[in-house]
Amino acid sequence: MNSSSRLLATLYVATSAGLAWTAVLEYWYGPMWAACLFAAASIVPVIAVVRESVIGDQRRALADWARRATVPGPSGAGPDPDAAEDIVRAELDGACCERWWTSLGCDHDRSCPHRIPRSSAA
């Protein structure tokens with residue numbers, strides 16, 4: 001994580017702590033629905049911290065692959081020919097499937113592991 005990511009993660013954690021404390025206060029003194037609402041809202045910034053760390057890991061991996069693509073391979077005869085393929089494979093693995101991209105997230109390819117069967121209910 002770089003300094004801006006750390007600052008953002010710190011703000012997320014502080015926001016989550018504030019929302020959790022508000023949930024406790026609402027539980028003690030306020031309506032129960034508000035306590036549940038603030039408890040659920042306190043989880044969202046934690047998810048954002050996890051997302052930021054995953055994005056950081058992906059950026060480091062991409063930088064490593066890019067470095068490997070420019071550094072001569074083990075035989076010293078030029079760049080690693082598999083590095084570009086690794087970068088493309090990682091980007092495609094990050095996406096769900098081709099049909100998902102072209103249908104704006106509505107449909108999945110038959111081989112897609114995230115395919116959700118459609119309901120037959122009308």
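The values are calculated or read from the model by the stated rules, or taken from the named source; none is laboratory data. A quick note: this is a predicted structure, and the numbers were derived from the prediction, not measured. Here Cβ is always computed from backbone atoms with ideal geometry, including for glycine, and neighbour counts include all displayed protein chains. We work out accessible area using only protein heavy atoms, side chains counted, and drop any ligands, DNA or RNA first. Shrake-Rupley method; radii C 1.70, N 1.55, O 1.52, S 1.80 Å.
Looking at the P(r) of the range 11-72, how many percent of alpha-carbon pairs lie beyond 17 Å?
55 percent
If r is the Cβ-Cβ distance from D82 to V54 and R0 is 25 Å, what FRET efficiency results, to the nearest 0.05?
0.55
Given a 1.4 Å probe and every protein chain left where it sits, what share in percent of the accessible area of the range 1-71 is carbon and sulfur?
Carbon plus sulfur share of accessible area: 71 percent.
What's the extension gain from S4 to A17 if we count 0.36 nm per residue and subtract their Cα-Cα distance?
Roughly 2.7 nm would be gained on extension.
How long is the gain from L25 to V44 if the chain were fully straight, where each residue apart is worth 0.36 nm and the alpha carbon distance is subtracted?
Contour length minus Cα-Cα distance gives 5.0 nm.
Heavy-atom accessible area per residue, the range 1-71, 1.4 Å probe: how many Å²?
Heavy-atom accessible area per residue stands at 71 Å².
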